[in-house]
Amino acid sequence: MAKGKNDAKEAGKDLQATLSTDGAPAGTSQPKAVELAKKQREIGVAEFFARNKHLLGFDNPRKALMTAVKEAVDNALDACEESGIPPEISVEIIEMAENRFRVIVEDNGPGIVKQQIGKIFAKLLYGSKFHSRKQQRGQQGIGISAAVMYAGLTTGRPAKILTRISPKHPANYVELTINTATNSPDILKESEKEWNKEHGTRIELDIEASYQKGSQSVDTYLKSTAVTNPHATIIYVNPKAEQYVFARATDTLPKPAQEILPHPHGVELGTLIKMLSESENRTLSAFLQENFSRVSPQVAKEICENARIPPNFKPDEITRDGAEALIKAFSSTSIMNPPTDCLSPIGEELLKKGLMKEVQAEFYSAITRPPVVYKGNPFQIEVALAYGGEQEKDGAITLMRFANRVPLLYQQGACGVTKAVTTTNWKAYGMQQSGGSLPVGPMTVVVHIASVWVPFTSESKEAIAHYDDIIKEIKLALQEAGRDLQKYVHKKSKVHLQLERANLFERYIPEVANALHRLTGKPEPAIVSGLQAMVKKDALQQRIEDMQAKNTEDDEEFAKIGAGDDEDEHIDPDAEEESALSHSLKKKAKDDAKKGDEKSADDKTNDGNKKK
Ligand SMILES: Nc1ncnc2c1ncn2[C@@H]1O[C@H](COP(=O)(O)OP(=O)(O)OP(=O)(O)O)[C@@H](O)[C@H]1O
Ligand SMILES: [Mg+2]
């Protein structure tokens, strides 16, 4: 506060000085701008986010609980993977009082060195991932300090951190809060402690929150995380003291994502100018080769030729016009796409297995597309779908979104993934759909985007921005899976039609048999069994059964985790808004589909793929 007042005083003095040098006549009243200028102050990043908690995913108590757990678990997974450690994470949530919860997340990761503890947990925009270009869950350096800030703001209690980096080092215990005026840590307690863990980190936060099951709950987040991270073991105790153990399904860690340099096709002019001016390279050719991926000596030579700048020109002497010429040369030179070992997709098999655990369906399909590039950033789309079975037939499909293996549970309507699904023509694949809506029918669709930089719509990382390149790629993956679906639906409806005919024929067997008996004199029972054999009903039924997927991963208990409470009357306003939205979307989709059906009955001949 005092600092703020001083700032204002200083600003006032500066302005007085400016005015007198501007030669304003003494004694005249000050222009309004001078008065207004006295109020101008710099805004601290933590102050800003403290007031805009919703940008960080802390906009209501229910979501706050999920976000706090998510930030800690995502970090734990990132840290373990980066260190090649199979993750073992425990999450415990204890209800301390009404609307007060203690969240404890413990990992067996590499731990955190003592000097870094304060900044990691109590300084916004501080982290190791922002500048490293590879697929990771975290990217902004905000997540965990935002959770610590939320704890301080809502309960006034410090975060308690225990961390150890090796058996040879003691475990460090720190209690801290974030000073929002300065965006820096206030360390309240510090000591060394006994810990029967060789390495890892434990964070304890007291926060204002509310616990509820349902599709946007901590339970659902952890279950979905277990599905897309089968190499992790997660032990979870919820506030109802129910324990879930998501044991790892594989001991193999995902292929480690490699860090890459920026690709010339993704760099912007301002960034290039800055890079050039800060470069210590002696020649432009060396600068290009050392700072960008896929620039070999030959490619560097071609870029220089196309930009009409000598390859031995000093980078820090290149002008703005020169930089612009270089940007043009980047796009006119043929440069290989960036390497894609910076990505670590889930893979078709695991994706399908995960879906089988969650959904009882009759048909499953999973597609992993080859990596592609947008603005120089490699990304890769994976899609899986489960059709039929016990899923609701009359509502909109269920959409599950993931980014870098993290489930996205909020902001479905605002997400680029949803746009890709709603703008795909599902009618072509045997589903019902009205313009611009999610298709209607018994189906679950999973979309995963793996990228070195996921363009989220806000700091809370809930929805993916509407980038054309990404939407296009998701649509291609959906179309591929859709074509598989269409083949299945078509085949199935053909056999069903044959079965219907067989049933019809079967009904007339007694009459036909009787007539044949009278005509030929052969015994009626023999004719009946002969005709029944001709119908081949059993064979048709068997064909339908064979066609349907055998769910080898069936796990009813698992599928139930997180279920329920979505329509509870105590639901939080935000969740209510989402479910109201999805209800009205479902209703609209249903109504529109009905209308569509009535219409299509008139012009059936135009659409060969319509459900029979
Ligand atoms: N459990 C942990 N073990 C080891 N290092 C950690 C752990 N949690 C956080 N870190 C380190 O602290 C940094 C800051 O974490 P934070 O969650 O604030 O940001 P981030 O994960 O980099 O990005 P995002 O804001 O997108 O989550 C991380 O980049 C990581 O280096
Ligand atoms: Mg993080």
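Once both labels are modelled 7 Å past Cα along the beta-carbon direction, what's the Val113-Arg282 spacing in nm?
Between Val113 and Arg282, the label points sit 3.3 nm apart.
Over all pairs of distinct alpha carbons, what does the Kirkwood formula give as the hydrodynamic radius of the range 49-246, in Å?
Details: mean 1/r = 0.0597 Å⁻¹.
Hydrodynamic radius (Kirkwood, Cα only) of the range 49-246 equals 16.7 Å.
Taking the Cα centre of each part, how many Å lie between the range 273-313 and the range 115-182?
The range 273-313 and the range 115-182 have Cα centres separated by 38 Å.
State which entries of Lys491/Lys550; Lys63/Lys375; Lys393/Lys461; Lys160/Lys461; Lys193/Lys255; Lys119/Lys461 exceed 28 angstrom in Cα-Cα distance in the structure shown. Mind dumping the intermediate values first?
Working: Lys491/Lys550 17 Å; Lys63/Lys375 32 Å; Lys393/Lys461 31 Å; Lys160/Lys461 25 Å; Lys193/Lys255 35 Å; Lys119/Lys461 21 Å.
Cα-Cα > 28 Å for Lys63/Lys375; Lys393/Lys461; Lys193/Lys255; rest within.
Rounded, prolate or oblate: pick one for the range 130-184, where a ≥ b ≥ c are the square roots of the eigenvalues of its C-alpha gyration tensor, a/c under 1.5 means rounded, and failing that, prolate if a/b is larger than b/c, else oblate.
In terms of gyration-tensor shape, oblate.
In whole Å, how far is the Cα centre of the range 494-544 from that of the range 330-360?
Their Cα centres are 52 Å away from one another.
Would you work out the charge dipole size for the range 107-163 about its Cα centre, treating the Cβ of every Lys and Arg as +1 and the Cβ of every Asp and Glu as -1, and quote it to the nearest 20 debye? Let's see the in-between values first.
Working: 9 positive and 1 negative charges, 29 e Å.
Rounded to the nearest 20 debye, it is 140 debye.
Ser296 to Thr319: FRET efficiency via 1/(1 + (r/R0)^6), r the Cβ-Cβ distance, R0 30 Å, to the nearest 0.05? Write down the numbers at each step before the final one.
Values: r = 26 Å, r/R0 = 0.86.
That gives a FRET efficiency of 0.70.
Among Gly266, Ile165, Ala300, which residue has its Cα positioned farthest towards the positive end of the charge dipole of the chain, with +1 placed on the Cβ of Lys and Arg, -1 on the Cβ of Asp and Glu, and the dipole taken about the Cα centre?
Ala300
The range 457-504: Rg/Rh from Cα coordinates, Kirkwood Rh? Don't skip to the answer; put the middle values down first.
Values: Rg = 19.4 Å, Rh = 13.9 Å.
When Rh is taken as the Kirkwood radius, the ratio is 1.39.
In nm, give the distance between the simple-model label positions of Thr182 and Asp555, each being 7 Å from the Cα along the Cα-to-Cβ direction.
4.8 nm
Report, in debye and to the nearest 20, how large the dipole of the chain comes out about its Cα centre when Lys and Arg carry +1 and Asp and Glu carry -1 on their Cβ.
Details: 81 positive and 87 negative charges, 244 e Å.
Computed charge dipole of the chain: roughly 1180 debye.
Place +1 on the Cβ of every Lys and Arg and -1 on the Cβ of every Asp and Glu in the chain, take the dipole about the Cα centre, and give the residue among Thr225, Pro87, Tyr211 whose Cα lies farthest towards its positive end.
Final value for the positive-end residue is Thr225.
Residue by residue through the range 405-419, which ³J(HN,Hα) values in whole Hz follow from phi under the Karplus form 6.51 cos²θ - 1.76 cosθ + 1.60 (θ = phi - 60°), with glycine and proline marked x?
6, 9, x, 9, 9, 10, 6, 4, x, 8, 8, x, 4, 4, 4
Arranged from highest to lowest average of other beta-carbon atoms within 10 Å per residue, in what order do the peptides 347-358, 530-541 appear?
On the way: 347-358: 19.8, 530-541: 13.9.
Result, highest mean first: 347-358, 530-541.
Average projected area of the Cα convex hull of the chain, in nm²?
Working: hull surface 168.1 nm².
Quarter of the Cα hull surface area: 42.0 nm².
Size of the dipole of the range 369-485 about the Cα centre, Lys and Arg at +1 and Asp and Glu at -1 on the beta carbon, nothing else charged, in debye to 20? List each step's numbers first, then the result.
Numbers: 11 positive and 11 negative charges, 41 e Å.
Value, rounded to 20: 200 debye.
Along the Cα-to-C-beta direction of Ser83, a point sits 7 Å from the Cα; which residues of the range 166-197 have their amide N less than 13 Å from that point?
166-172, 197
Among Ile327, Val452, Ala68, which residue has its Cα positioned farthest towards the positive end of the charge dipole of the chain, with +1 placed on the Cβ of Lys and Arg, -1 on the Cβ of Asp and Glu, and the dipole taken about the Cα centre?
The Cα lying farthest towards the positive end belongs to Ile327.
Of the peptides 258-265, 504-511, 303-310, how do they stack up when ordered by the mean number of other Cβ atoms within 10 Å, highest first? Walk me through the numbers on the way to the answer.
Details: 258-265: 19.2, 504-511: 12.1, 303-310: 17.6.
Final packing ranking: 258-265, 303-310, 504-511.
What whole number of Å gives the distance from the Cα centroid of the range 377-430 to the Cα centroid of the range 29-56?
The range 29-56 and the range 377-430 have Cα centres spaced 41 Å from each other.
Output the peptides 122-132, 28-38, 275-285 sorted from most to least packed, where packing is the average of other Cβ atoms within 10 Å over each peptide's residues.
Working: 122-132: 18.4, 28-38: 11.5, 275-285: 16.5.
By packing density, highest mean first, the sequence is 122-132, 275-285, 28-38.
Provide the gained length on full extension for the span His466 to Leu125, in nm with one decimal, where the gain is 0.36 nm per separating residue minus the Cα-Cα distance.
Working: separation 341, 0.36 × 341 = 122.76 nm, distance 2.45 nm.
Going from the current span to full extension adds 120.3 nm.
When averaged across all projection directions, what area in nm² does the alpha-carbon convex hull of the range 264-332 cover?
Values: hull surface 14.8 nm².
Answer in nm², one decimal: 3.7.
Once both labels are modelled 7 Å past Cα along the beta-carbon direction, what's the Lys39-Lys393 spacing in nm?
Reported label-point gap for Lys39 and Lys393 is 6.3 nm.
Every read-out reported here was derived from the displayed coordinates using simple, explicitly stated rules and does not represent laboratory data. Source: prediction; values computed, not measured. A quick note on method: Cβ atoms are made from the backbone with ideal geometry, for glycine too, and the neighbour counts reach across all protein chains shown.
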